[in-house]
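Right, one structure below, let's go through it.
The values are calculated or read from the model by the stated rules, or taken from the named source; none is laboratory data. Everything quoted here is computed from the prediction, not taken from an experiment. Here the Cβ positions follow ideal geometry from the backbone for every residue, glycine too, while neighbour counts run over all protein chains shown. Remember, those area values only see protein heavy atoms, side chains included, never the ligands or the DNA or RNA. Shrake-Rupley method; radii C 1.70, N 1.55, O 1.52, S 1.80 Å.
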Amino acid sequence: MRNYIEELRWRGLLHDSMPGAEEQLAKGPQRGYIGFDPTADSLHVGNMVQIMMLVHFQRCGNTPIALVGGATGMVGDPSGKSSERNLLDEDALRHNQACVQAQLERFIDFTGTNAAELVNNYDWFKDMGFLRFIREVGKHITVNYMMAKDSVKNRLETGISFTEFSYQLVQGYDFYWLYKNKGCNLQMGGSDQWGNITTGTELIRRMGGEEAVSNPAFAITTPLLTKADGSKFGKSESGNVWLDAKRTSPYKFYQFWLNVGDEEAAKCLRIFTTWEQERIESIERDHKKLPHLRIIQRELGRDLTARIHGDRAMNHAVVASNVMFDEEAVDGLLTLSREDLLTVFEDVPSKEIERSTFESGVSIVELLCDKTGFLASRGEAKRALKEGSISMNKRKVGDGVSVTSSDLLNGDLLLLQRGKKNYFLVKVVG
RNA sequence: GGGGAGAUACCCAAGUGGCCAACGGGGGCAGACUGUAAAUCUGUUGUCUCACGACUUCACAGGUUCGAAUCCUGUUCUCCCCA
């Protein structure tokens with residue numbers, strides 16, 4: 001059986017662990033949990049590190065427990081937040097939980113010998129009255145202890161509500177509950193969760209009695225992944241990169257990985273794939289020989305896109321990327337069937353235009369602006385044409401061009417392009 | 001309550017009667033280079049017009065003037081100081 005801590009170490013996933021955690025894991029299969037916030041109805045790339053922690057945990061023979069924070073999501077974690085959060089209502093939370101659960105099932109095995117388990121802390125909190133909570137749980141932790149946590153300290157100047165102040169106790173109780181009821185004595189999380197997790201182990205120590213002495217609870221945290229420039233990993237220009245295809249299409253998802261910088265890409269390969277060290281190092285060597293091919297990024301993109309959206313969607317994303325960015329694919333574009341064209345450009349904004357428009361020819365400016373709305377104004381369209389940034393069916397066009405039926409691909413499609421990355425598809429109807 | 005400063009385009013910020021569609025910087029977009037990268041260089045960044053040019057725009061509403069972002073009056077908002 002592979003050693004979980006060793007695995008985390010070489011993959012660069014280990015930031016900190018409580019003394020004794022490694023020894024405990026060496027004793028045999030363990031149960032460990034990670035909490036996920038149901039603040040949206042989809043997980044995003046930023047959650048992937050924690051998902052992979054559970055994946056590796058399971059691969060090492062342990063039993064992962066994924067906790068959906070139905071209750072904690074109603075409170076709001078002050079960690080890393082500079083201001084008070086808005087509370088979600090119960091309906092929204094329920095919906096989000098269901099979606100998050102479905103996504104987790106794509107990564108972790110919920111069947112078999114060490115089947116993963118999914119729990120929702122709302123289930124043990126919904127009937128817990130306030131008085132019972134402060135008597136049974138709050139009694140064991142001092143305010144002094146709670147105030148010493150960074151997440152709280154950082155908010156003392158600007159203010160923190162009692163609700164968010166209590167957050168660590170609520171999360172701490174989760175750990176205790178899982179320890180008591182599910183035999184779970186390990187909690188994992190990002191390094192920003194250290195404070196919350198240790199409140200949990202502290203609570204277990206104080207509430208767990210004899211058992212907690214012979215079988216203590218441990219914490220393991222992962223480093224926070226950042227880009228080379230220090231900014232948050234997992235965001236594109238257009239915001240979060242989601243796992244839900246409705247929010248981030250497979251094409252955009254694939255593109256995100258393709259555009260990861262070299263420094264992060266090597267790290268990502270270790271963190272996000274389950275490949276062996278040898279294979280990863282071999283890919284890295286190949287990449288270094290021919291960096292412009294961006295072998296790491298392509299491997300990453302293919303693996304992750306396939307795992308989340310399936311092989312079919314991944315292949316579409318790869319083909320679409322080739323057509324859109326490979327200059328040599330220009331001729332290929334002309335030979336693609338209408339169906340393939342529509343698949344390749346399914347992500348591209350499009351508009352239907354009457355066939356009659358093209359019969360006597362339409363000026364390129366009018367087409368770019370008035371007819372399609374691709375560019376905001378005629379002035380902008382002319383400017384872009386003058387700058388040489390407009391292409392039609394992958395060929396540069398200048399001002400004064402008139403577009404006719406003979407320019408249409410397959411007789412009814414026209415591909416407009418500004419720069420390298422902005423496409424617009426005209427569908428001719430009628 | 002009294003006194004002072006200010007409100008300019010996506011952001012910061014110059015401009016205090018015509019040379020202002022408005023300096024400069026950031027950001028955005030594009031071009032060159034390249035690896036769909038980084039760095040760098042270049043162009044561009046109110047609307048309409050092929051263009052001359054026209055129109056709208058400097059918190060809001062009026063006014064003075066041949067002419068206002070710029071002067072006057074009022075309104076709203078922001079900041080600072082004194083009580």
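Return the residues of the stretch A:371-399 that are part of a loop (DSSP other than H, G, I, E, B) and either without any contact (Cβ under 8 Å) to a residue 40 or more places away in the chain or near RNA strand B (Cβ under 6 Å from one of its atoms) (or both); say none if nothing qualifies.
Within the stretch A:371-399, A:G373, A:A376, A:S377, A:G388, A:S389, A:V397, A:G398, A:D399 meet the criteria.
Scoring A:S356 on the criteria (1) in contact with a Phe, Trp or Tyr (Cβ under 9 Å, 6 or more places away or on another chain); (2) open to solvent by 20 Å² or more (accessible area, probe 1.4 Å) leaves a single failure, condition (1).
Where helices (runs of 4 or more DSSP H) fall wholly inside the stretch A:121-161, the ranges with 1 or more residues that are open to solvent by 100 Å² or more (accessible area, probe 1.4 Å) and modelled with pLDDT of 90 or more are A:130-136, A:143-147. So for the stretch A:94-112 (the condition being among the acidic types (D, E) and within 22 Å of A:E164 (Cα to Cα)), does at least one residue qualify? So far as the stretch A:94-112 goes, no, none of its residues is among the acidic types (D, E) and within 22 Å of A:E164 (Cα to Cα). In the set A:F175, A:F233, only one residue is more than 20 Å from A:N121 (Cα to Cα), touching a strand residue (DSSP E or B) at 6+ places or on another chain (Cβ under 8 Å) and of a type in the set (F, W, Y); that residue is A:F233. Does the stretch A:44-55 include one or more residues that are open to solvent by 40 Å² or more (accessible area, probe 1.4 Å) and β-branched (V, I, T)? Among the residues of the stretch A:44-55, not one is open to solvent by 40 Å² or more (accessible area, probe 1.4 Å) and β-branched (V, I, T), which makes the answer no.
Taken over the stretch A:350-370, the criterion of being closer than 24 Å to A:F325 by Cβ, more than 14 Å from RNA strand B (Cβ to nearest atom) and not polar (S, T, N, Q) is satisfied by A:K351 alone. Contact map, the stretch A:92-115: residues that are in the same structural domain as A:H56 (by TED's automatic domain parsing) and more than 24 Å from A:I271 (Cα to Cα) paired with residues that are of a type outside the set (G, A, S) and in a helix (DSSP H, G or I), Cβ distance under 9 Å, separation 6+ or inter-chain. Pairs shown: A:L93/A:M74; A:L93/A:Y122; A:R94/A:Y122; A:Q97/A:Y122. Being in contact with a Ser or Thr (Cβ under 9 Å, 6 or more places away or on another chain) and of a type in the set (V, I, T) holds for only one residue in A:T273, A:T221, A:T305, and it is A:T221. Every listed requirement among (1) open to solvent by 50 Å² or more (accessible area, probe 1.4 Å); (2) within 12 Å of RNA strand B (Cβ to nearest atom); (3) within 23 Å of A:L334 (Cα to Cα) is met by A:N410 save one, (2).
Among the residues making up the stretch A:14-41, those that are of a type in the set (S, T, N, Q) and either outside the structural domain of A:V55 (by TED's automatic domain parsing) or not in a strand (DSSP E or B) (or both) are A:Q24, A:Q30, A:T39. Considering only residues in the stretch A:359-401 that are among the β-branched types (V, I, T) and closer than 22 Å to A:L333 by Cβ, the one that is surrounded by the most Cβ atoms within 10 Å (Cβ to Cβ) turns out to be A:I390. Is the stretch A:108-120 home to any residue that is under 29 Å from A:T274 (Cα atoms), under 24 Å from the mean Cα position of the chain (by Cα), surrounded by 19 or more Cβ atoms within 10 Å (Cβ to Cβ) and of a type outside the set (A, V, I, L, M, F, W, C)? Yes: the stretch A:108-120 contains one or more residues that are under 29 Å from A:T274 (Cα atoms), under 24 Å from the mean Cα position of the chain (by Cα), surrounded by 19 or more Cβ atoms within 10 Å (Cβ to Cβ) and of a type outside the set (A, V, I, L, M, F, W, C). The criterion of at least 2 residues that are among the basic types (K, R) and surrounded by fewer than 17 Cβ atoms within 10 Å (Cβ to Cβ) is met, among helices (runs of 4 or more DSSP H) falling completely within the stretch A:207-303, by A:277-289.
Being farther than 25 Å from A:L415 by Cβ, among the aliphatic types (A, V, I, L, M) and within 13 Å of RNA strand B (Cβ to nearest atom) is not true of A:I308.
The conditions of being assigned to a helix (DSSP H, G or I), more than 12 Å from RNA strand B (Cβ to nearest atom) and touching a residue at least 60 places away in the same chain (Cβ under 8 Å) are met by A:L333.
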